[in-house]
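What follows is a single structure, written as structure tokens, with notes after it.
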Amino acid sequence: MIKPVLLWTDALVFLLVFIVVAFGFYARRYEHLRAPWREVVRGRIAVASLVVLTFYTVTGLLDSLHYRKALPMQDGQVEVQYAGDVVSVLDGLLGGIATQAEKTYSAPFATTLFTRETVVDENGVQQRIFPRLKYGGAHLKDPLRERAADIAGRSLMAFVQALLFMLALFVLLALLLGRHWNSTVLTTAKRLWHGESGVPWRTFMITVSLLVFLVLLIANLAPVWHVFGTDKVGKDVLYETIKSIRTGLVIGTLTTLIMLPFAVLLGMMAGYFRGWVDDVIQYLYTTLNSIPGVLLIAASVLMMQVYMDTHPELFETMAERADLRLLFLCLILGITSWTGLCRLLRGETLKLRELDYVQAANAFGVSRSVIMVRHLLPNLMHIVLISVVIDFSGLVLAEAVLSYVGVGVDPTTLSWGNMINSARLEMAREPMVWWSLLAAFSFMFTLVLAANLFSDAVRDAFDPRMRR
Amino acid sequence: MLAYIIRRLLYAIPILVGVNLITFVLFFVVNSPDDVARMHLGMKHVTPDAVEKWKVEHGYDQPLLYNRDAPGVEQLTDTIFFEKSVKLFAFEFGSSDAGRNIGEDISQRMWPSLAIALPTLLLGLLVHISFAMLLAFFRGSYLDLSGVILSVVLMSISGLFYIIAGQFLFSKVLHLVPISGYEPGWQAWRFVLLPVVIGVISALGSSGRWYRTIFLEEIGRDYVRTARAKGLPELKLLFTHVLKNAMVPILTGIVVVLPLLFMGSLIMESFFGIPGLGSYTIEAIQKQDFAIVRAMVFLGSVLYILGLLLTDLSYTLVDPRIRLS
Amino acid sequence: MHVPNTGFDRLGGFLRGLGWILVSITVTACGDQPWNSPYPPDQADRNILYSSFSARPKHLDPAQSYSANEIVFTGQIYEPPLQYAFLKRPYQLEPLTATQIPEPYYLDSNRQRLPDDAPTDAIAFSVYDIEIRPGIRYQPHPAFAKDDQGAFIYHHLKATDLQDVSSLADFPRTGTRELVAADYVYEIKRLAHPHLHSPIFGLMADYIVGLKDYAVTLSKAAEKLAKSGESSPPVLKLDDFPLEGASVLDRYHYRVLVRGKYPQFRYWLAMPFFAPVPWEADVFYQQPGMKERNITLDWYPVGTGPYMLTVNDPNRQMVLERNPNFRGEAYPDQGEPGDAAAGFLKDAGRQMPFIDKVVYSLEKEAIPTWNKFLQGYYDVSGVSSDSFDQAIQIGSGGDISLTPGMQAKGIHLSTAISSSEYYMGFNMLDPVVGGQSERARLLRHAISIAMDYEEYISIFANGRGIPAQSPLPPGIFGYRAGKAGMNPYVYDWTPRGPKRKSVEEARRLLAKAGYPGGRDVKTGKPLTLYLDATGNGPDVSALQNWIRKQFGKLDIQLQIRSTDYNRFQDKMLKGTEQIFQWGWNADYPDPENFLFLLYSKNAKFKKNGENAANYSNPEYDRLFEQMKNMANGPQRQAIIDRMIDILRRDAPWAFGYHPKQFVLYHDWYFNAKPNLMANNVLKYKRIDPQLREQKRHEWNKPIVWPLGLIALLVVLMVIPAVVGYRRHENRRTLAEQR
């Protein structure tokens, strides 16, 4: 039995998903909204990065479904009691990886610890050896000889599975598209194979298969190997990196979600009403803008900590505590970053309000709020969209820097920033511990690269002026 | 022109008051003056008496924002906020909670900061513009394409990696520059070299790509086409007409970058042990030295506003068509 | 391995050449020192020691400075009457500026002299008469500068006189003066100065007769001066106010009157708090305009010691230079057995100090500091846990030695167990883990067993420490080694030494405490405990994960409430914490300085003492009061043993570990014997600058070919494009011609 736990960020993440889906259905109905999106998905790079982003998003969403496990009943116990640990569906899927902790560092695919230890053998003689790992490669008798074969075998297995998956995907696509294109399955397959389609389905297929191959690789290898090694206290680095995805996504998306209403409302009001409203709003954002961002964030994060310390009863678990800190960080980042968008929207609104149809609506006595919502807002959406997509990658990167300064997410939250921060010390070890940095780097790099490429495509599609 | 500048400067005052109020509120919600006192009196054997004494001496014994017991106007003036803010406007930063004079410290520490920030900005401009020009010049070729891909890749790498990797490679492995430290005078270049290079490279992706877009936009304009049709060599065209006109958005961009430069050097300075204002600020945050943080926030805001004003003025220099109103 | 000369080599040579061209411009400016040298070229070969500091010292005023990073400086500059012998162990005091170690005599409440063996209860006062050596002179300092008429030059400065002054070096004239007993009395009076907040004032007010009232007198006098209306209030003349507890007897003698019997007082006499301060310094530094220029006694100390602070830029570096007026002191000729073999007696009888100048550079990060040490730019280094494997290996018998790589570089290692302890404390006021109930005691024992400090030491300290069996570290009187010193509640004795009890045993205790399987036996509710932690940094999350893992072994949910240091202090004062981690570093080598940490009158809660666990046990208190004033001997040992037994049974702390200090130093650094009590050790050190210069060159040969490679790659990227452009332009020209 489980007890679902809805953390604040979970709720907001799902609210965001709901908004996106709702917007999708809304946009389907209007050609002028659909057209740019169609443009986006025609690019090969855009489709590939969209697939990558989707994979990250799904991982993040699975990691946002939290629950607590029930503890077995004891004699004389009346109420069901739940474990204090909050886990997510993703933890459930990852299974053993989360709990297979070694004592300390071990390299990727290692069978022994990274450091020597004093061990007393049967004869009572002390020896300094690299002890075998408790989990990594524990199923092998003679790791030196069997390791390569075992890894190769498991990888091959994953490859075969991925091939089968790709075949299935190919057939499925051919069937579906065949109906759509009104052609036979065979010709559809041929067109797909040669990449002759408006939407680059071939790219889609290859990217998906590649990612599925990686997932299968992990599924095959991770239960018995530490694919990315282990960290200082022996936790699996791959697990930490995967868990960090959610943190990165939450910071990248919720920050914008939180700041958006303010930026849009204030920007539009300033541009539309002008006069003293404009003055006040301009004053507000110039003032906020003048404060060096890091200082504002640092002060606010410290402030929030005080609140948490004086109200410990509000947080039943460490997860809730860490979660609130994460949410607050988003809020603070939002406060420091909404000004740019606000200024853009103000400028655009100033232009729009002079347009004929707005003036006409004014003349007909349409109420101001209606004009703002009906006439101005839709024409500002592309600016909002572009800035949201562009901000995303910057925010993911900012998290790492803030963690370095010491005002980032909670130290117990798994995040790329925290990983990089501890990697600073690991890099100085000799021999060097490079795998945490590499893992964090590659996962973060992939996400940010995909986001950057995707945002390029979105900008090109929505803002034709920028296109070349 | 003069009237405009004066008006802008006057406009800055309410902004600075606002900045002060925000930081003040933030910091005193976080730390009561008692905390500050305890922090500065050390860890062992601190008595409540000593805390009280310290507060009296550092002017933290009054109410924060509103003094109920004082008569008339002094209800607002006999407060920590008023006392500490008024002096800031006269650029009298007073002494830090640890007892050192802040103005003196700032005037010493701004030179190392400038030694990093200025070369980074200037060299950065030079390199980024050249890079963007190169891409714009060879637009459409494989060089352009690989340049754009390189930019996106560079942009996707966290700034911390550049520093960690640069320090590791050039200082530790190749023995080319000192790992960290600083020396005033002309010897400083050996310490400044690596941070500047890292600063320039880490910004190459975003700036280079952005400048390229600006150049391409300019190249697409009619007057360029006309000039080209007249037989003006491409190189000359690019360097005279396009560059000159593209300078306007680039200059605006630099002002946006200025405060970011401030933040960037926070990390750079603490990594490379450079005794500048960035590391000063970080230290103050970590030690919760309220007086320094307030001084730095104030200074940062003043510089930012000054930056805005300067951009406006430089517009007129680059492009006489723009009038200040 | 011999490699035939191939084309690859030639390519390497080409790249190197290219790299050299790129950097040849810069070489001219570099001089002939290694490129990555962080020091100016003219400092090569000089008798300068290089060291670092990580946080700028807050106070260098001897009445105020207390932190370890401040005493590094003040210890070399100020000379209290006593010091710790450099080579002798166990630590013992010897005279520094005093002629001998003062032996107190006792008075009863009527001020009548008592025999030396009088019972403690009868003793109302102890009298310390201290005689200092004649002929000791202060460092050159403008405060002493006099003109031909014998008047002080810099004691009546106006604001205009200071216009061109930004540091102490800007005063052209300096002077000196002989050290007199009055300077010591002056400093004791300064402990009560209302503007100084000496951290030991509270403690000393209990002991030095009249000090508490003296502070009140001074406050009143200061207020009066402040009200006198002058814009810059005149200096408070301490000599005008007599203090009963500290008085000048004659030019070289002074007397300190201490309340009751307090044998630990002589240890205080070896700390900078009791160093001399000349009244001229106070007059000089308190002139208007000095403070605005950061010229204060807090930043520019005036002492009689072997070194003086000449550059104080806490933002970048601090420089100690040899004090030309130093009287000279001979290097000790006696030490522990084995010191002669280790070479620590080679300099015996030679005049100290040996090193001319010490440059301390600001280093915030551990990694650059470590790398600079390896490159030879620092002479001494600690070992951070992350560079440990590179530097140190532990032999098959558990013996510690340097790795071959380090040995090849000529690096040496010295180790010493420091007189400190890190522990996990339980707040005895807490309803769950605290109190004297059997249930809570069992719970504390279970946690004490589960907290595997052996593993902690191996992961986070790389074996640099020994698990604590009691509050007393080795080297302090009362510590017992072996089986007799084992904590029987947490350990079992085996022939190989103490062995931590098993987790099963801990779980059994936990079940007995009413939490079988980590759940309340009645409600089935999982047991959740709270640890209050502070600090941030790269290692914190690993540390917190590890602690949670330990509690996880007992199926106890541990929630960590991490907060900033202020908030943490606040919580400790309010007594609302549950479990916490803390450490203690001894002020002096006496068991009293550790056992008082659990004395109920020192409780943190309400009393703001150092007993952070708020532990209170009447029997322990009684024994403590008895033990406190005793001389070391079997009787004292017996009482300490009983106190420790009580602590082990009550377990207000999970005794953590005593850290071991590992210091690495280069081949050119001598007399490195660690002395963790003495703080004026710099004068004993010696270096060989020529050897250092040679090694630096050897270790820091620049590698330039990668620069060439990068340049080549850029050129290779651009060439085809240029060619393409040429072709394009040609075609265009051709088209136009056609």
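The table for this structure:
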quantity	calculated
Rotationally averaged projected area of the protein assembly as shown (alpha carbon convex hull; nm²)	69.3
Two-site label geometry, C:L691 and A:V171: point separation in nm, points 7 Å out along Cα→Cβ	7.8
Centre separation in Å (Cα based) which lies between segment B:151-208 and segment C:642-667	43
With at most 14 neighbouring Cβ atoms within 10 Å, loop GluC sites (Glu not before Pro) (DSSP) excluded, longest segment of chain C	C:245-738
Solvent-accessible area buried by B and C, counting both chains, probe 1.4 angstrom, square angstrom	5700
Segment C:420-661, accessible surface, carbon-and-sulfur percent (1.4 angstrom probe)	52
Accessible surface of segment A:245-467, 1.4 Å probe, proportion on carbon and sulfur as whole %	67
Cα-based convex hull volume of chain C per residue, rounded to whole Å³	283
Listed residues C:M308, C:Q626, A:I218: farthest to the positive end of the dipole of the protein assembly as shown (Cβ charges)	A:I218
Calculated Rg and Dmax of segment C:201-285 using C-alpha coordinates, Å	14.9, 46
For segment C:286-379, the spread of Cα positions along each principal axis, largest first, Å	54, 39, 19
Given C:K512/C:K606; C:K189/C:K364; B:K172/C:K357; A:K103/C:K501; C:K512/C:K549; C:K58/C:K683, the pairs whose alpha carbons are separated by over 30 Å	C:K512/C:K606; C:K189/C:K364
Amide H contacts of C:T563 (H built 1.01 Å from N, under 5 Å, at least 5 apart or other chain)	C:A533, C:T534, C:G535
For segment A:245-467, the fraction of alpha-carbon pairs in successive 5 Å shells from zero, as %	1, 6, 12, 14, 15, 14, 12, 10, 7, 4, 3, 1, 1, 0, 0, 0
Computed Kirkwood radius, in angstrom, where 1/r is averaged over Cα pairs of chain A	25.7
Residue-by-residue Karplus 3J(HN,Hα) for segment B:15-20, coefficients 6.51, -1.76, 1.60, Hz, glycine and proline x	5, 5, 4, x, 4, 4
The protein assembly as shown, helix-only ellipticity at 222 nm - DSSP H runs n ≥ 4, -39,500 (n - 2.57), divided by all residues, nearest 500	-16500 deg cm²/dmol
DSSP-assigned coil residues among trypsin sites (Lys or Arg not before Pro) in segment C:557-663, each with at most 13 further Cβ atoms within 10 Å	C:K606, C:K607
Two-decimal log10 I(q)/I(0) for segment C:70-292, as the Debye equation yields it once each C-alpha is a single scatterer, q = 0.11, 0.16 Å⁻¹	-0.63, -1.22
In the C-A interface, the accessible area buried, summed over both sides, Å² (probe 1.4 Å)	3900
Taking the convex hull of Cα positions in segment C:403-534, its mean projected area over all directions (nm²)	11.5
Buried solvent-accessible surface, both chains (B, A), 1.4 Å probe, Å² to nearest 100	3800
Loop-located trypsin sites (Lys or Arg not before Pro) in segment A:338-404 whose Cβ has at most 16 other Cβ within 10 Å (DSSP)	none
Fraction of antiparallel bridges per DSSP, the protein assembly as shown only, in percent to nearest 5	85
Solvent-accessible heavy-atom area per residue, rounded to whole Å², over segment A:245-467 at 1.4 Å	36
Drop in accessible area of at least 30 Å² in the complex versus isolated chain, residues of segment B:120-153, 1.4 Å probe	B:F137, B:F138, B:Y142, B:L143, B:V152, B:V153
Accessible area in the full protein assembly, largest first, 1.4 Å probe, for C:L442, A:L15	A:L15, C:L442
Between segment C:266-319 and segment A:16-90, the alpha-carbon center distance in angstrom	63
Accessible area (Å², per residue) of chain C, counting only protein heavy atoms and a probe of 1.4 Å	41
Computed FRET value (nearest 0.05) for A:W181 with C:D42, which takes r as the C-beta separation and R₀ as 56 Å	0.10
Scattering curve values for segment A:36-87, log₁₀ I(q)/I(0), Debye with Cα scatterers, q = 0.18, 0.27, 0.28 Å⁻¹	-0.71, -0.97, -1.00
Segment C:420-661, Cα convex hull volume normalised per residue, Å³	125
Cα centroid separation, segment C:338-384 to segment A:369-414 (Å)	51
Cleavage-rule hits, chymotrypsin sites (Phe, Trp or Tyr not before Pro), segment A:360-468, DSSP coil, Cβ neighbours within 10 Å at most 14	A:F364
Calculated FRET efficiency for the pair C:I719/A:F14, C-beta based, R₀ 60 Å, to 0.05	0.65
Residue mean of other protein chain beta carbons inside 10 Å, C:290-298	3
Per-selection metrics, segment C:101-165 (Cα): Rg and Dmax in Å	23.2, 62
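The values are calculated or read from the model by the stated rules, or taken from the named source; none is laboratory data. Everything quoted here is computed from the prediction, not taken from an experiment. Cβ coordinates were reconstructed from backbone atoms using ideal geometry, including for glycine residues, and neighbour counts include every protein chain displayed. Accessible surface is based on the protein model in full, side chains and every heavy atom, while ligands, DNA and RNA are left aside. Shrake-Rupley method; radii C 1.70, N 1.55, O 1.52, S 1.80 Å.
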